[in-house]
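Just so it is clear, none of the values below were taken in a lab; they were calculated from the coordinates. Predicted, not measured: the structure shown is a model, and the values here were computed from it. Backbone-built Cβ (ideal geometry, glycine too); neighbour counts: all protein chains shown.
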Amino acid sequence: MTEHSQVIEEYLLLLYKMDHAGEKAKAVTLANRLETSPPTVHATIVRMQRDGLITVKKSKELFLTKEGRKVAEDIAYRHNLSEYFLCNTLGIPWYEVHQHAHRLEHAMTPVVVKKLAEFLKNPKFCPHGTPMPGSSLPKDTITLTETTAGMTVEIKMIGEVLEDSVDLMKILHEHRIMPGNLHKITEISEVMRSISLESKDGPLTLPFHVADFTSKIIRKTM
Ligand SMILES: [Zn+2]
Ligand SMILES: [Zn+2]
């Protein structure tokens, strides 16, 4: 696999995540998300097209090519493996590891990745519940916004999109919104666009935009 610059790896990872979340990607959305100027984004997109990593449709929508997806999956794996290592071996709190992993993921050679995976005994999920390649969430997993009041749910995954905000992650942590924990849905308010949960650690209300993209869950009886 050819080596790509850190900038290109960032773009690929973002496109990959957006694709997973069902979001359409265009140059303008990338510029906003990466807080980069449109001309800079444009220049990078041209380079990525030239390298066969993405295609740009007439609608200006960006798509990963087979090669682009392969590289993105590899970065995502390095990211999740780094998170697991930082959390479980070095003891950095799960709500903080994303930022550190973001740096590490670009510095790992294939040999380091292989050895680290062996050392960690090939973990199946990152500390936020994101499945590693070859693993997946249970089939009946749904998002929090797809639940109904009265349901008891087990948190399975906190989406990567949320991990960018350490403050938000800390709030989730304080309310034990983390993989493996059970919560009861007490109210879903369309008017307030929020969802209220309760667990043994107390009640919490989450806005839809957090509940929607982010926490994936599975029904379970408490
Ligand atoms: Zn992460
Ligand atoms: Zn993660």
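Table for the structure above
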read-out: For the stretch 120-149 versus the stretch 90-110, the gap between their alpha-carbon centres in whole angstrom; value: 19 Å
read-out: The stretch 89-188 - Kirkwood radius from inverse mean 1/r over Cα pairs (Å); value: 15.3 Å
read-out: For the chain, the Rg and Dmax computed from alpha carbons only, in angstrom; value: 18.5, 54
read-out: Positive-pole candidate from M169, T143, P110, dipole of the stretch 85-222, charges at beta carbon; value: P110
read-out: Unit charges at the beta carbon, dipole of the stretch 82-217: most positive-side option, M178, M192, M132; value: M132
read-out: Distant-in-sequence amide H partners of F125 (H built 1.01 Å from N, under 5 Å); value: M132
read-out: Debye log10 I(q)/I(0) for the stretch 73-119, one point scatterer per Cα, at q = 0.14, 0.28, 0.33 Å⁻¹; value: -0.27, -1.04, -1.28
read-out: Gyration tensor (Cα) of the stretch 6-68, equivalent ellipsoid semi-axes in angstrom; value: 14, 14, 12
read-out: For the stretch 142-219, projected area of the alpha-carbon convex hull averaged over all directions, nm²; value: 4.4 nm²
read-out: Total charge dipole magnitude, the chain, about the Cα centre, Cβ charges on Lys, Arg, Asp, Glu only, Debye to nearest 20; value: 580 debye
read-out: Of K70/K156; K24/K121; K26/K114, pairs whose Cα-Cα distance is over 31 Å; value: K24/K121; K26/K114
